[in-house]
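Below is one structure; the comments refer to it alone.
The values are calculated or read from the model by the stated rules, or taken from the named source; none is laboratory data. Predicted model, so just to flag it, every value in this text is computed and none were measured. Methodologically, a virtual Cβ is constructed for each residue, glycine included, from the backbone with ideal geometry; neighbour enumeration extends over all protein chains shown.
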Amino acid sequence: MAVISRTARNPLRLALWCDVLFEAVVGIGLFALGDRVSSWLAISGAARVSIGLVFLAAAVGLLPLALAPHGRAVRILAVGNMAAGLAGWVALIAAWGALEPSGRWLLGAASDAAILIGLAEYLALRRQRV
């Protein structure tokens, strides 16, 4: 309980834990939904598995940063999240015709989430000045 209350009072830690959760949910979702996601996004099963592993590795890799934030690393992460979100939108627009409606929704939502999490990390970092 002490960890939760301490995290809730620290916007930077909260943003980082949201990032860990986002990465884990996307990674697990890519595995749990299986070939449906592959057809929605017009990608191969191998690509889906690879992307899922990248998201899960990112979730695990972010754990130390969420526990002990470091200013420069968080700034790089925030910019990377926003860039990944923008890249997701570019991919969505470029592949619009090839994607099923569920894939459009999924890619758009994930891209929005990445941008928002990156923005939250950046703003919390500025507020805290780590």
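The single condition among (1) out of contact with any Pro (no Cβ under 8 Å at 6 or more places or on another chain); (2) modelled with pLDDT of 95 or more that residue 71 does not satisfy is (2).
Out of curiosity, is residue 103 in contact (Cβ under 8 Å) with a residue 40 or more places away in the chain and more than 21 Å from residue 127 (Cα to Cα)?
Considered against the rule, which asks whether it is in contact (Cβ under 8 Å) with a residue 40 or more places away in the chain and more than 21 Å from residue 127 (Cα to Cα), residue 103 comes out as yes.
Restricting the first member to region 38-59 and to residues that are under 16 Å from residue 100 (Cβ atoms), and the second to residues that are surrounded by 15 or more Cβ atoms within 10 Å (Cβ to Cβ) and among the charged types (D, E, K, R), the beta-carbon pairs closer than 6 Å and six or more apart or on different chains are 38/48.
Taking helices (runs of 4 or more DSSP H) as the structural unit, those lying wholly within region 28-128 and holding at least 2 residues that are within 15 Å of the chain's Cα centre (by Cα) and surrounded by 13 or more Cβ atoms within 10 Å (Cβ to Cβ) correspond to 45-67, 71-94, 101-128.
Checked against the criterion of being more than 15 Å from residue 18 (Cα to Cα), out of contact with any strand residue (DSSP E or B) (no Cβ under 8 Å at 6 or more places or on another chain) and of a type outside the set (S, T, N, Q), the candidates 113, 66, 73, 78 yield just one match: 73.
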